[in-house]
Amino acid sequence: DGGITQSPKYLFRKEGQNVTLSCEQNLNHDAMYWYRQDPGQGLRLIYYSQIVNDFQKGDIAEGYSVSREKKESFPLTVTSAQKNPTAFYLCASRDRGGGQPQHFGDGTRLSIL
Amino acid sequence: AQKVTQAQTEISVVEKEDVTLDCVYETRDTTYYLFWYKQPPSGELVFLIRRNSFDEQNEISGRYSWNFQKSTSSFNFTITASQVVDSAVYFCALSEAYANAGKSTFGDGTTLTVKP
């Protein structure tokens, strides 16, 4: 079955540590996205990529980094510069063409130890 | 700038009641797309419907129906005869064709609780 796989499901970060969240899709979608969701709030865009080897900052990119070396993979690194990383992180992908809906993974819940 | 407002933070109904979730949007583009997604407790957002700005026809899919009105910039979602399985967070989203192509703006979501 085609879909988006995020791993791990739960992740704990120590102070000063960088952690990387994995996102893999087998839908052959060009565009991929990372969102952050805080309790009771909507989705805020961190980074997005519309094509391999290219990505743009979203609304809350500070303290995060990404790479897009392969079409199917879009990992997100939460750096030590992100002082409040505790949140639910969602990865999504979208097919080319105007107005295509996004397909989402199951999310990764990140907490600070 | 594009903006999506879901004024209802939480709604609680009893099973079999009808419920309407409101969505109001702002955009300067003349071509845009509106979406509704459902987020069950498992966390994954599930796509429900898409409308483009040139199609104001209302749509019905089983117990779900959507009312798109450009005159009031609204795209409301109604669940008829609600069921416990409808309990989830529902998000309305806007995607512009030109100004911010490739990006979507989400509302803050409405948490719907359907009690048996």
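FYI, it's all coordinate maths here, none of it is from the lab. What you are looking at is a predicted structure, and each value in this text was computed from that prediction instead of being measured. FYI the Cβ positions are ideal-geometry reconstructions off the backbone, even for glycines, and counts take in every protein chain you see.
Find the Rg to Rh ratio for chain A, where Rh is the Kirkwood radius over alpha-carbon pairs and Rg uses the same atoms. Each step should come with its number before you reach the end.
Values: Rg = 13.3 Å, Rh = 14.0 Å.
Ratio of gyration radius to Kirkwood radius: 0.95.
Using a 7 Å offset from the Cα along the Cα-to-Cβ direction at both A:PHE12 and B:THR9, what is the distance between the two label points in nm, to one decimal?
Result: 3.1 nm between the two label points.
Any chance you could get the radius of gyration and Dmax over the Cα atoms of the stretch A:19-80, in Å?
Cα-based Rg and Dmax for the stretch A:19-80 come out at 11.5, 34 Å.
Simple spin-label model, 7 Å along Cα-to-Cβ: A:ASN84 to A:THR20 in nm?
2.8 nm
Looking at this model, which pairs from A:LYS9/B:LYS115; A:LYS9/A:LYS83; B:LYS16/B:LYS103; A:LYS70/B:LYS103; A:LYS9/B:LYS70; B:LYS70/B:LYS103 are more than 32 angstrom apart at the alpha-carbon?
Details: A:LYS9/B:LYS115 29 Å; A:LYS9/A:LYS83 21 Å; B:LYS16/B:LYS103 36 Å; A:LYS70/B:LYS103 20 Å; A:LYS9/B:LYS70 40 Å; B:LYS70/B:LYS103 21 Å.
As for pairs spanning more than 32 Å Cα to Cα, those are B:LYS16/B:LYS103; A:LYS9/B:LYS70.
Of all alpha-carbon pairs in the stretch B:67-113, indicate the percentage at a distance above 17 angstrom. Display every interim value, and only then the final one.
On the way: 547 of 1081 pairs.
That tail contains 51 percent of the Cα-Cα pairs.
Provide, as a two-decimal number, the C-alpha radius of gyration of the protein assembly as shown over 2.2 N^0.38 Å, N being how many residues it has.
Numbers: Rg = 17.7 Å, N = 229, 2.2 N^0.38 = 17.3 Å.
Its radius of gyration relative to the 2.2 N^0.38 Å reference: 1.02.
For chain B, divide the Cα radius of gyration by the Kirkwood radius and give the resulting Rg/Rh value with two decimals. Display every interim value, and only then the final one.
Values: Rg = 13.9 Å, Rh = 14.4 Å.
Value, to two decimals: 0.97.
Estimate the FRET efficiency between B:SER87 and A:ASP106 by the formula 1/(1 + (r/R0)^6), using the beta-carbon distance for r and 22 Å for R0, to the nearest 0.05. Each step should come with its number before you reach the end.
Values: r = 18 Å, r/R0 = 0.83.
After rounding to 0.05, the efficiency reads 0.75.
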